[in-house]
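To keep things clear, I will list the structure first and then write my remarks on it.
The values are calculated or read from the model by the stated rules, or taken from the named source; none is laboratory data. As the structure is a computational prediction, the values presented were derived from the model and not from experiment. Positions of Cβ are backbone-derived with ideal geometry, glycine not excepted, and every protein chain shown enters the neighbour counts. Quick note on the areas: whole protein, heavy atoms, side chains included, nothing else; ligands and nucleic acids left out. Shrake-Rupley method; radii C 1.70, N 1.55, O 1.52, S 1.80 Å.
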Amino acid sequence: MIKALKETGATKVYPATVPEIHKKLEDLEKLRAEDTKAPIRVIDDRTVSRKLRQLLGEMMG
């Protein structure tokens, strides 16, 4: 998740949206699957939103 956020190029002024992060996660998953010869895992928007809220909650304390 953090790698995907970094790769979106998001900033405080121009934050990334959930669809942008979802797309980046799908791209990273495709690369992982190619490297490991494993099947591609499906990532849905709801999971991305939930994980982002968890991550932000951990960062905010």
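Annotations
- Sole exception among (1) part of a helix (DSSP H, G or I); (2) open to solvent by less than 60 Å² (accessible area, probe 1.4 Å); (3) of a type in the set (A, V, I, L, M) for Leu31, by number: (2)
- Scan region 1-27 for residues that are touching a helix residue (DSSP H, G or I) at 6+ places or on another chain (Cβ under 6 Å), assigned to a helix (DSSP H, G or I) and not polar (S, T, N, Q) and the total you get is 8.
- Pairs, first free of Cβ contacts under 8 Å to residues at least 40 places away in the same chain in region 22-51, second basic (Lys, Arg) and part of a loop (DSSP other than H, G, I, E, B), C-beta under 6 Å, six or more apart: Glu29/Arg41
- Verdict on Arg41 being under 14 Å from the mean Cα position of the chain (by Cα) and over 21 Å from Met59 (Cα atoms): yes
- Hey, Ile2 in contact (Cβ under 8 Å) with a residue 40 or more places away in the chain and open to solvent by 70 Å² or more (accessible area, probe 1.4 Å) or not: yes
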